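Heads up: the structure comes next, in structure tokens.
The values are calculated or read from the model by the stated rules, or taken from the named source; none is laboratory data. None of the values given here were measured: they were computed from a predicted structure. FYI the Cβ positions are ideal-geometry reconstructions off the backbone, even for glycines, and counts take in every protein chain you see. Side chains included, ligands, DNA and RNA excluded: accessible areas come from the protein's heavy atoms. Shrake-Rupley method; radii C 1.70, N 1.55, O 1.52, S 1.80 Å.
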Amino acid sequence: MKKTLLILVAVILAAVFLLPLIWMLSTSFKNDFEALAGQMNLIPKKPTFENYLNGLKGNLMNVPITRWISNSLFVGAAGTAIVLLFSSMAAFALARLQDLPLKKLMFPMFIGSMMIPGILTFLPMYMEFNTLGWINTYAALILPYSSGAFGVFLLFQFFSAFPKEIEEAARIDGANKWQIYSRILLPASVSIMVTLAIFTFMGIYNDFVWPLYSTTSPEMRTITAGIAMMAQGSYTQAYGKLMSMTVIATLPVFIIFIVGQRSFVKAITQAGVK
Amino acid sequence: MVKSTLQSRLTSTLFVLPYLLCFCAFLLIPILYGVYISFHNFELLSEKHAFVGFDNYMKIFTPGSYLFEQFTTGLWNTMQFVLYSVPLLVVLGLALALLLNQLPKRIRGLFRTFYFMPYAISGSVMAVIWLMMFDTNAGFLNGLLAKMHIDPVAWLTDLPWVWVSLVLTTLWWTIGFNMIIFTNALNEVPEDYYEAASIDGANAWRRFVSITLPSIRPVMLFIIITSTIASFNVYAQPFLLTRGGPGNSTRVLLMNVLDEAFKGKQVGSASAMAILMAVIIIIISVVQYRFAYGRKE
């Protein structure tokens, strides 16, 4: 009896959480007239693919959606690759290389940086890129994410726990540091690297504030920044069209989220564990 | 022991170097540069930047000045948001985790996914969805109210509804994060504590207060700290949903800082505001951290 009641509560809550997403999907198949009619039909009366077709053809509200999506995917992938490579190398050195100079200074500095609020670097970073003439470039969209210390922190913990014997056996066999890193530690850390990759990709892909300010030309926008721009503009009530864009924007992260959910949860848990 | 030659130290350094360079270029130098900018009359479009010392800061602290208004109203609005959202994010996050743990194991994962799903979407997508949900005429919520013969609510333009809307969207969007952390903490409470308590005749509420709460105390404090920091950094919701309105009642500090820089083109005074904002956030988190972990040691 009690169990049934709990399940009922859980189902109602699930409906509350999912409804806005279902509403988004449903509206994306409505024409603007139907979307604005204010009726609560979840299944469109006259379902239309117009919004999607026009979007993919590039003539939805005169914005280059396919370009925005490509930008987002590229920026997310490149940013993730940089974070994975650089943080794993740094974490390897900090965790395994005894003769790394200034280790005692660097480690707390990296970890402590996770406490720093983003607004502290936002404006000066913008000025930095502005001075370099890098506003509206992929460099501006990708590089700022490379300084995040979460990956270093996560991988440091993993690398530190790695058994010393295997490393020493490899050393006796004549492996150098690079070989120990690339042939032993990296292959052993595939699962945690995947976790970090999912976490990082979703973070970069979903960010919209930095891309909104660091790009001004329409074709350099990421999809999330593009949507933010349209949400402020005169398109705010073209719900059918807007929703087809949000569905397209959300699809890649949802796929990654559902496939990698376990890893994602693990990363959050590990971030929460001191 | 491995010999520590100069060459060996050099190769060790090479491993950290790429990250270290990024760290310097996109974190350390920007912080220092931000402090430098805040001491200058730094107009976005002009070439010359005159040194003005603490002028930007002084203006923020001078009652009646434009910057003072921007900073204090922004800060007050941000703090209101923190006060409204954080208790709900913590309490409801825990409630959701408790509910999840009571569900049969088979369906637990499914429901966790449902509650956690909104966390995966971007702030801008979240905002566009809720613009539509809250729409006065065509929105889902007012449609629901109409069915119950309740007059439409101006969710995004009237007080106090703007705050209700901002808090609702925030809960929907981010509570899954807190739920996950709480769920893990709940799972780590030893089962025999509960069994022993049951034998002693403790009811569910008693067990919750005497066993669950003390056991998850560190995690609870972690959630309070992270939720407070996140709420202090609130931006997407008021920026895209209420646009700071009605009037300036939901203009949060971060909006004022970015507007001062990009609309007002005054990066110097905006940087001073940003630094003060960061200092406030750091002080709050240090105080909360001390409060949470200080007494134990």
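Just add up the charged neighbours of residue B:213: K/R +1, D/E -1, any other residue whose Cβ is under 15 Å from the Cβ of residue B:213. Mind showing how you got there, number by number?
Values: positive: B:206, B:207, B:217; negative: B:188.
Here the charged neighbours net out to +2.
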Using a cut-off of 20 Å between alpha-carbon atoms, which aspartates and glutamates can reach residue A:241, once sequence neighbours fewer than 8 places away in the same chain are excluded? A:32, A:34, A:50, A:219, B:135
Among B:177, B:210, B:236, pick out the residue whose Cα is farthest towards the positive end of the charge dipole of segment B:141-242, where Lys and Arg carry +1 and Asp and Glu carry -1 on C-beta, about the Cα centre. B:236
Residue-wise, which Karplus ³J(HN,Hα) couplings in Hz belong to segment B:124-133, taking 6.51 cos²θ - 1.76 cosθ + 1.60, θ = phi - 60°, and x for glycine or proline? 6, 5, 3, 5, 5, 4, 6, 4, 6, 4
Residues losing 40 Å² or more accessible surface upon assembly, segment B:218-243, compared with the chain by itself, 1.4 Å: B:222, B:235, B:239, B:240, B:243
Is the shape of segment A:190-235 best called rounded, prolate or oblate, per the rule: a/c under 1.5 gives rounded, else a/b larger than b/c gives prolate, else oblate, with a ≥ b ≥ c the square roots of the Cα gyration tensor eigenvalues? prolate
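On average, how much accessible surface per residue is there in the protein assembly as shown, in Å², for a 1.4 Å probe, leaving out ligands, DNA and RNA?
Working: 26080 Å² over 571 residues.
Normalised by residue count, the accessible surface of the protein assembly as shown is 46 Å².
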Expressed in square angstrom to the nearest 10, the accessible area of residue B:177 with a 1.4 Å probe stands at 40
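What 222 nm value per residue comes from the helices of chain A, counting each DSSP H run with n ≥ 4 as -39,500 (n - 2.57) and dividing by all residues, nearest 500 deg cm²/dmol?
On the way: 14 runs with 187 residues, N = 274.
One gets -22000 deg cm²/dmol as the mean residue ellipticity at 222 nm.
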For the B and A pair, go ahead and give the buried accessible area with a 1.4 Å probe, both sides summed, in Å² to 100. 8200
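Counting alpha carbon pairs within less than 8 Å and at least 6 residues apart, what relative contact order, in whole percent, applies to chain B? Walk me through the intermediate numbers first.
Numbers: 307 pairs, mean separation 84.3, N = 297.
The value is 28 percent.
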Before anything else, pin down the relative contact order of segment B:166-263: Cα pairs under 8 Å, at least 6 apart, normalised by residue count, whole percent. 26
Overall form of chain B per C-alpha gyration tensor (a/c, 1.5; a/b vs b/c): oblate
From DSSP H assignment alone, runs of 4+ in chain B each adding -39500 (n - 2.57), the sum over residues rounded to the nearest 500 puts [θ] at 222 nm at -21000 deg cm²/dmol
Can you figure out the FRET efficiency of residue A:3 with residue B:191, using R₀ = 25 Å and their beta-carbon distance, to the nearest 0.05? 0.85
Please label the shape of the protein assembly as shown as rounded, prolate or oblate, based on the square roots a ≥ b ≥ c of the eigenvalues of the alpha-carbon gyration tensor (a/c under 1.5 means rounded; beyond that, a/b larger than b/c means prolate, else oblate). rounded
Order A:227, A:172 by their accessible area, 1.4 angstrom probe, all chains in place, largest first. A:172, A:227
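May I ask you to list the trypsin sites (Lys or Arg not before Pro) in segment B:193-297 that are in a DSSP loop and have at most 14 other Cβ atoms within 10 Å of their Cβ? All intermediate terms of the calculation are to be shown ahead of the outcome.
Details: sites: B:206, B:207, B:243, B:251, B:263, B:265, B:290, B:295, B:296; in loops: B:243, B:251, B:263, B:265, B:295, B:296.
Qualifying residues, ordered by number: B:263, B:265, B:295, B:296.
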Relative contact order (%) - criterion: Cα under 8 Å, at least six apart; region: chain A: 31
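May I ask you to list the trypsin sites (Lys or Arg not before Pro) in segment A:123-189 that are in a DSSP loop and have at most 10 other Cβ atoms within 10 Å of their Cβ? Display every interim value, and only then the final one.
On the way: sites: A:164, A:171, A:177, A:183; in loops: none.
When the trypsin sites (Lys or Arg not before Pro) of segment A:123-189 are filtered for loop state and at most 10 Cβ neighbours within 10 Å, nothing remains.
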Karplus ³J(HN,Hα) for segment A:163-178 (6.51 cos²θ - 1.76 cosθ + 1.60, θ = phi - 60°; Hz, whole; x = Gly/Pro) runs x, 5, 4, 5, 4, 5, 4, 5, 4, 5, 6, x, 6, 8, 4, 4
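In the protein assembly as shown, what percent of the accessible surface is made up of carbon and sulfur (1.4 Å probe, ligands and nucleic acids excluded)? Spell out each step's value before the answer.
On the way: 17750 of 26080 Å².
Using a 1.4 Å probe with all protein chains present, the protein assembly as shown comes out at 68 percent carbon and sulfur.
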Using only protein heavy atoms and a 1.4 Å probe, report how much of residue B:186 is accessible, in Å² to the nearest 10. 20
Under 5 Å between amide H atoms, partner at least 5 residues away or on a different chain: which partners does residue A:63 have, H built in plane at 1.01 Å? none
With axes computed from alpha carbons, what is the tilt in degrees of helix A:119-132 against the longest principal axis of chain A, rounded to the nearest 10 within 0 to 90? 90
Placing each pseudo-label 7 Å from Cα in the direction of the beta carbon, residue A:19 and residue B:43 end up separated by a distance in nanometres of 5.2
On a 0 to 90 degree scale, rounded to 10, what angle separates helix A:223-232 from the longest Cα axis of chain A? 40
Using amide H atoms built 1.01 Å from N in the peptide plane, name the residues 5+ places from residue B:40, or on other chains, whose amide H lies under 5 Å from its own. B:52
Residue separation times 0.36 nm, minus the C-alpha to C-alpha distance between residue B:108 and residue B:158: what's the value? 14.1 nm
Partners for residue B:59 among lysines (Cα-Cα distance below 23 Å; same-chain residues under 8 apart left out): B:48, B:263, B:265
Calc'd 3J(HN,Hα), segment B:256-272, phi into Karplus 6.51 cos²θ - 1.76 cosθ + 1.60 (θ = phi - 60°), Hz, glycine/Pro = x, comes to 5, 5, 5, 5, 4, 7, 9, 8, x, 6, 9, 6, x, 5, 4, 5, 4
For residue A:266, list the lysines whose Cα falls under 30 Å from its own Cα; do not include residues on the same chain fewer than 8 positions away. A:3, A:103, A:104, A:164, A:177, A:274, B:105, B:296
At 0.36 nm per residue, and after removing the present C-alpha to C-alpha distance, how many nm does the segment from residue A:102 to residue A:39 gain when stretched out fully? 16.2 nm
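Counting other Cβ atoms within 10 Å, keep those with at most 14, restrict to DSSP loop, and tell me which chymotrypsin sites (Phe, Trp or Tyr not before Pro) in segment A:1-57 are left.
Details: sites: A:17, A:23, A:29, A:33, A:49, A:52; in loops: A:29, A:49.
Within segment A:1-57, the qualifying chymotrypsin sites (Phe, Trp or Tyr not before Pro) (loop, at most 14 other Cβ atoms within 10 Å) are A:49.
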Ranking by accessible area, most exposed first, for B:262, B:134 with a 1.4 Å probe: B:262, B:134
